[in-house]
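> To start, I am sharing the structure in question, which I have written as C-alpha cells.
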Amino acid sequence: MSTVSRGAPRTTPGELAGEVILVSGGAQGIGNAVVRAARQQGASVSFCDLDASRVTAAVEAFAAESLDVHGMVADVTDEESVDEWIAAASSALGTPSGLVNNAGRNAYADPTTMTVAEWDDFFDLDLKASWLCARAVVPGMLSAGRGSIVSISSIHAKMTTAGMFPYAAAKAGQLGFTRSLALEVAGRGVRVNAVSPGLVWTPLAEAHYADRPEELASTLAVQPMGRPARPAEIAEVVSFLLSPRASFVNGADWAVDGAHSARFA
Ligand SMILES: NC(=O)c1ccc[n+]([C@@H]2O[C@H](COP(=O)([O-])OP(=O)(O)OC[C@H]3O[C@@H](n4cnc5c(N)ncnc54)[C@H](O)[C@@H]3O)[C@@H](O)[C@H]2O)c1
C-alpha cells in the first residue's frame, strides 16, 4: 500500500468546488478521465488503482497538466485495502462527498466450465467492490447530509452479446445495487446513480480488439454515431451526476452509448 500525492489540492472554481471525490481504477481509461474532469471542475480528487507504477505515472501526468491529484495503490476487491484507501484519502482531502465505482473488467467465460473461483473473482470486482467502497463512504456522507455515488455499469446491463459470460449479470447487478442503495439513503441527502456506457475507446477496449480487427469492424459498423465514445464523454456525465446540479437525479441509470441501445438491429 503506498500513497502518492503532489502538494495540497488547489481550489479552482467549478461546479465541483468543495467536493471530495474518490474514483476507483483511476490510473487509465474512463476512471482516469473522471479524475481529470472532477479535478478540473474544482473537486479534490483521490483515485486508487492496482499497480504502483501506473498510479505514480498517472499522478505525474496529472501534475504535468497542473492538476494535483491524490493517488494510491489499493485493490477494491479487498475490504481492508478499500478501508485503507478511504482513510488515507479522507485524511489527505477531507470527508468524501463523492464516489465513482469505476474499476471493472470484461469477462469471457464458458458458462459450463467456469469455476466457482473464477465466478467469485469476477463478481468481487464487477459488483462486490462497489458495495465495499460505498460501505466505507456512506456513513460520512450521511453524517454530512450530502453525497453522490456513481457506479459505471454498461450497455451490457440491459442487452448483451454472446461470448461475454457473465459480464451482463454483474453489470445488471450494478443497476440493482444502485436502485437498492438509493432507496436506503434517498431521504438523507445522498444520491446514488449509474452510468451505462456503450463502447468507449480505453486501454480495456484497445487490448480486446488488438488482435480482433474483424470484430472491431463489425462493432464499429453498428455504432449509430459511427465511432466509440471518448473517455472524456463519459466523464462529463459522471461529473454532472456528482454535482449539485443533478440534485433530483437519484436511483437512475443514464445511458451514454451514442444511441446504441436505441437500436433494434
Ligand atoms: N471501455 C468500454 O467500452 C466500457 C463500456 C462500458 C462499461 N465499461 C466499464 O467502465 C469501467 C472502466 O473501464 P475501462 O474501459 O476504463 O477499463 P480499463 O481496463 O482501461 O481501466 C480500468 C482500471 O481499473 C483498474 N482496476 C482493475 N481492477 C482493480 C482493482 N481490483 N482495484 C483497483 N483498480 C482496479 C485497472 O488497473 C485499470 O487501471 C469498467 O467498470 C468497465 O466495465 C467500459
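The values are calculated or read from the model by the stated rules, or taken from the named source; none is laboratory data. The structure presented is a predicted model; accordingly, all values stated were derived computationally and were not measured. Cβ coordinates were reconstructed from backbone atoms using ideal geometry, including for glycine residues, and neighbour counts include every protein chain displayed. Side chains included, ligands, DNA and RNA excluded: accessible areas come from the protein's heavy atoms. Shrake-Rupley method; radii C 1.70, N 1.55, O 1.52, S 1.80 Å.
> Within the set of other residues whose C-beta is less than 15 Å from the C-beta of Q223, count the net charge using Lys and Arg as +1 and Asp and Glu as -1. Please report the intermediate quantities before stating the final value.
Numbers: positive: R227, R230, R263; negative: E215, E233, D257.
For residues surrounding Q223, the net value is 0.
> Give me the percent of accessible area attributable to carbon and sulfur for the chain, probe 1.4 angstrom. Could you put the intermediate results ahead of the total?
On the way: 6580 of 11920 Å².
Taking all protein chains in place, the chain shows 55 percent carbon and sulfur surface.
> GNM, the chain, Cα, under 10 Å: largest mean-square fluctuation among T219, T112, T202?
Fluctuation is largest for T112.
> OK, next. Express the accessible area of region 20-263 per residue in Å², computed with a 1.4 Å probe while the remaining protein chains stay in the model.
With the other protein chains kept in place, region 20-263 gives 43 Å² per residue.
> Then there's this: Using only Cα atoms, tell me the angle between helix 29-40 and the longest principal axis of the chain; keep it within 0 to 90° and round to the nearest 10.
30
> Rounded to whole Å and ordered largest first, report the semi-axes of the equivalent ellipsoid of region 15-141 derived from its Cα gyration tensor (root of 5λ).
Calculated on Cα positions only, the semi-axes equal 27, 16, 12 Å.
> Please check which bits of region 188-226 a label hung off N106 would reach, taking the label as a point 7 Å along Cα-to-C-beta and the cut-off as backbone N under 14 Å.
198-220
> Using the Cα centre as the reference, give the magnitude of the dipole from point charges on the C-beta atoms of region 93-224 (Lys, Arg: +1; Asp, Glu: -1; all else neutral), rounded to the nearest 20 debye.
Taking the Cα centre of region 93-224 as origin, the dipole is about 840 debye.
> Let me ask another. Normalised by the number of residues in region 165-265, what is the relative contact order in percent for Cα pairs under 8 Å and 6+ residues apart?
41
> While we're on this one: Which chymotrypsin sites (Phe, Trp or Tyr not before Pro) from region 67-142 combine a DSSP loop assignment with at most 16 other Cβ atoms within 10 Å?
Working: sites: W85, Y108, W119, F122, F123, W131; in loops: Y108.
For chymotrypsin sites (Phe, Trp or Tyr not before Pro) across region 67-142 that sit outside H, G, I, E and B with at most 16 neighbouring Cβ atoms in 10 Å, the list reads Y108.
> What shape does region 20-263 have by the C-alpha gyration tensor, where a ≥ b ≥ c are the square roots of the eigenvalues, rounded means a/c under 1.5, and otherwise prolate means a/b greater than b/c and oblate the rest?
rounded
> By how many nm would the segment from D211 to D51 grow when fully extended, if each residue of separation counts as 0.36 nm and the alpha-carbon distance is taken off? Mind dumping the intermediate values first?
Details: separation 160, 0.36 × 160 = 57.60 nm, distance 2.45 nm.
Result: 55.2 nm gained on full extension.
> Return the single residue from V138, V237, V222 with maximal mean-square fluctuation; model: Gaussian network over the chain, springs between Cα atoms under 10 Å.
Among V138, V237, V222, the largest GNM mean-square fluctuation belongs to V222.
> Compute the acute angle (0 to 90°) between the alpha-carbon long axis of helix 129-144 and the principal axis of greatest extent of the alpha-carbon atoms of the chain; round to the nearest 10°.
Its long axis makes an angle of about 30 degrees.
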